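**Student:** The structure is given below, and queries will be raised subsequently.
The values are calculated or read from the model by the stated rules, or taken from the named source; none is laboratory data. Being a predicted model, the structure only gives us computed values, none of them experimental. Counting neighbours? That spans all protein chains shown, and the Cβs are built from the backbone with ideal geometry, glycine included.
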Amino acid sequence: MGLFKHDAVRMALHWGVIDSGVGGDPLGVEVHRIFRIEGVSKEDCVRPDSEDAYLPERGRILATRPALQQLNRKQRSLFHPVGEYKLKGFTKPCKLSRGDEVATPEPATGTTSSSR
């Protein structure tokens with residue numbers, strides 16, 4: 001039973017300055033931004049990076065440019081640009097990349113394994 005059992009996980013990675021509220025709750029524009037990134041859909045795309053830029057609705061990890069800059073070269077290589085997306089409440093589109101190797105593979109159907 002893995003984290004992606006139902007292929008419903010949507011994750012967003014971003015790097016920015018936040019404030020702490022009562023009890024340590026994160027506050028600020030960057031917190032708002034990350035929730036908007038997590039919820040983007042293909043309809044929010046204002047400039048795709050390529051004709052075949054794919055943005056799955058579920059089972060995905062999206063990262064912003066500031067987040068990717070915090071990763072090493074090998075980690076960054078797991079992400080590929082998908083385009084610029086309009087985020088509700090923000091005037092400037094956000095350039096996003098999708099993690100390919102970290103996405104959930106399609107489940108196999110009708111397969112079994114046995115050992116003898």
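**Student:** Being of a type outside the set (A, V, I, L, M) and modelled with pLDDT under 80 is the filter here; which residues of the range 1-50 pass it?
**Tutor:** Result: 2, 4, 5, 6, 7, 50.
**Student:** Keeping to the range 22-48, report how many residues are closer than 17 Å to residue 87 by Cβ and either within 10 Å of the chain's Cα centre (by Cα) or surrounded by 11 or more Cβ atoms within 10 Å (Cβ to Cβ) (or both).
**Tutor:** 18
Listed here are the residues, each with its yes/no results for (1) free of Cβ contacts under 8 Å to residues at least 12 places away in the same chain; (2) part of a loop (DSSP other than H, G, I, E, B); (3) touching a helix residue (DSSP H, G or I) at 6+ places or on another chain (Cβ under 9 Å); (4) within 19 Å of residue 90 (Cβ to Cβ).
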position: 37; (1), (2), (3), (4): no, no, no, yes
position: 40; (1), (2), (3), (4): no, yes, no, yes
position: 61; (1), (2), (3), (4): no, no, no, no
position: 71; (1), (2), (3), (4): yes, yes, no, no
position: 75; (1), (2), (3), (4): yes, no, yes, no
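**Student:** On to the next question. Residue 89: loosely packed, with under 13 Cβ neighbours inside 10 Å and touching a residue at least 12 places away in the same chain (Cβ under 8 Å), yes or no?
**Tutor:** yes
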